[in-house]
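Notes follow once the structure below has been shown.
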Amino acid sequence: MTSTLEKFIHSLDLRALPRVLQIQSGIYCQGSIYEMFGNECSLSTGEVIKVIGFKINKLIASICENNEGSQFSAKVELPLNFPGLYKVVADKTPYVSIEEIARKFSIGPTRFGHPCFYSTEDIKLANFTIKHGEQITFNSVEEVNGTMAVNCVVVRNNQSHSFTLPLSQEGEFYECEDDQIYTLKEIAEWKIPKCRNRIVKLSNTLHMWDSSSPLPENFDGCLILMPVYEVQAVMKFRKDIVHILSDLDVEVKDITDCYDIGSFLQPLSLEDIFERTSKEFPVVAEIMEGPSGSQKPYNLLSTGKEIVIYKKYQAARVLASETRSDSSKRHFLIPMSYKGKFKRRPREFPTAYDLEIARSEKEQLHVVATKAFVSPHKELFSVSVGDQFLVQQCQTSEVLYEGRKKLIDVLACEQILSDSYKKVFLPTYMEGGFVEVIHDKKQYHLSEICKEFHLPFNVKVSVRDLSIEEDVLAAAPGLQFEEEITDSYLLISSASSPVESWEIPVYRLNMLVHLLSKDVQTVVPPVTRTTVEEVSKEEYYMLRRYENLTLHPPPRPPKKP
């Protein structure tokens, strides 16, 4: 059956990919806007392409300045990397079956691919009843006893109950409210159901507003997002990936069932390569679509280049940011193999509780107060600007509060006087300001800092890494090591001249390859070059927001009228 490309994409189930299409009515547009932006614009009638994927290329957003119930007015075009964090507004239109949900939503292994719904009526299963209004989490789609079904979970009384719902299950299902925040890219990939639009509310902007922003200044309303798709396809006699916008004026016919799909090249993403077993490495691959970026090794990974992928593994990195007050601060992921050295820089602490977190057994923490604090209790110390303290330990102290004795958490310190020390107690809830006094002049390697000190930790490069052509860390005025993370990497080298190998991140590098049936000349990888990866502000917030905040400061007492 012949249809337009746009209609075909809107009706296509991602699980049915790849599909082979024959162009029934072609188009040729010389010098069109599609070519300008790297998309195909010329498709001949009778040409055969294999569709391997499609994704949202951009979003058309209708602006509503008040809330989702108001009238939507102006339309703007938003790129997927448009900064900001957004909350998804639950769709008020019901779904009539589990099959419709599975067809229109991306249900997958990551936390983004677990949509939640509730039924307006009880659903009785063989040994379990789902109550109406109860949140059902959809985890995966698979075949169970010859029937396609969705693996689901219901949490009841802090206990998880797992079960399956067949795709044929009918009812009235509504989307649950979602209290998480997402980037536009995450919403585009996971949270926009097919053939429906999505309303989102701006939660937090990641940059200062400027006149070039398509959104109004101090915007606090909602956006209704309408996707424009980009089709990824392989053509019969080409080794690269072609990109076709879904609104290109062509008609297509699905001929998958009567065509040898194996005659096309099989593109693989870095995630596909990482999912292979360790025994399948090393392999030789040719790059079909290389990443963008001018820093090594990304500038070496051009389309058509052959590489050797030696192994996959998890590796530790330290997430660091420049210590500067303006919004242009840069962020880095530093490998443990970094050979430069660091000198300590003073840390700043906004509360007394932060002093307790930073305290270590290795050395006594010495700080200077930068903000005055008047204690509401006579048993505790009032701080003046310039007071110096040696931090000792956290303990409890008895204070008189509203005529009654009460135990509160305090930080025991020694105040440094001109010729003596005085023992004082600071309430841990104290909002003040402290700056560290550094007595340590030693130079440290990265691994030593991670082993001996608590993060976050302030440093400056004292000896640059000479193995790196341009050490970007050496130019930074100061760095704050924020946390240690573990990420997925592939170790690669050039197939033609394997003199050095590189670690490339699996989930932050957009790259497609196809495997070659060539033997690897040397199984042992050459020496691995250290690479400091600079991450964008969006990637930085992605890494930071999943931090496990296990320590919380104690509550402040109620203020007096």
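The values are calculated or read from the model by the stated rules, or taken from the named source; none is laboratory data. On a predicted model such as this, the values are computed, not experimentally measured, just so you know. Cβ: placed from backbone, ideal geometry, glycine included. Neighbour counts: every protein chain shown. For the accessible areas, the whole protein counts, side chains as well, though only heavy atoms, and no ligand, DNA or RNA atoms are used. Shrake-Rupley method; radii C 1.70, N 1.55, O 1.52, S 1.80 Å.
Quick notes on this one:
- Distant alpha-carbon pairs in the range 218-350 (separation over 23 angstrom), percent: 63
- Computed [θ] at 222 nm, deg cm²/dmol, the chain (DSSP H ≥ 4; -39,500 (n - 2.57); rounded to nearest 500): -2000 deg cm²/dmol
- Charging the Cβ of each Asp and Glu at -1 and of each Lys and Arg at +1, and nothing else, the dipole of the range 348-436 about its Cα centre rounds to 340 debye.
- Set of aspartates and glutamates near residue 371 by C-alpha distance (under 19 Å), chain-local residues within fewer than 8 positions excluded: 348, 354, 356, 387, 414, 431, 436
- Averaging 1/r over each pair of different alpha-carbon atoms in the range 348-436 and inverting the result gives 13.2 Å, the Kirkwood hydrodynamic radius.
- Candidate lysines for bridging to residue 537, where Cα separation is under 23 Å - those fewer than 8 sequence places away on the same chain excluded: 55, 58, 87, 185, 191, 201, 296, 329, 460
- Principal semi-axes of the equivalent ellipsoid, √(5λ) from the alpha carbon gyration tensor of the range 397-524, are 52, 21, 12 Å from largest down.
- About the Cα centre, charge dipole magnitude for the chain (Lys/Arg +1, Asp/Glu -1 at Cβ), debye: 1380
- Protein accessible area in the range 70-219, 1.4 Å probe - carbon and sulfur %: 48
- 5 Å-binned pair-distance histogram of the range 70-219 (Cα, whole percent): 2, 8, 16, 21, 17, 13, 9, 7, 5, 3, 1, 0
- Sparse-neighbourhood loop sites, chymotrypsin sites (Phe, Trp or Tyr not before Pro) in the range 126-215 - DSSP loop, at most 12 other Cβ within 10 angstrom: 128, 209
- If you plug the beta carbon distance of residue 339 and residue 534 into 1/(1 + (r/R0)^6) with R0 = 22 Å, you get a FRET efficiency near 0.75.
- Rolling a 1.4 angstrom probe over the protein heavy atoms with all chains in place gives the chain an accessible area of 52 Å² per residue.
- Residue among 127, 157, 183 farthest towards the positive dipole end of the range 70-219, charges placed on Cβ: 183
- At R0 = 35 Å, FRET efficiency that the Cβ-Cβ distance of residue 390 and residue 467 yields, to 0.05: 0.30
- Farthest positive-ward along the chain dipole, Cα basis, beta-carbon charges - from 417, 90, 148: 417
- When the alpha carbon gyration tensor of the chain is reduced to an equivalent ellipsoid, its three semi-axes come out at 50, 34, 23 angstrom, largest first.
- Applying both filters, DSSP loop and at most 16 other Cβ atoms within 10 Å, to the chymotrypsin sites (Phe, Trp or Tyr not before Pro) of the range 231-279 gives 237, 259.
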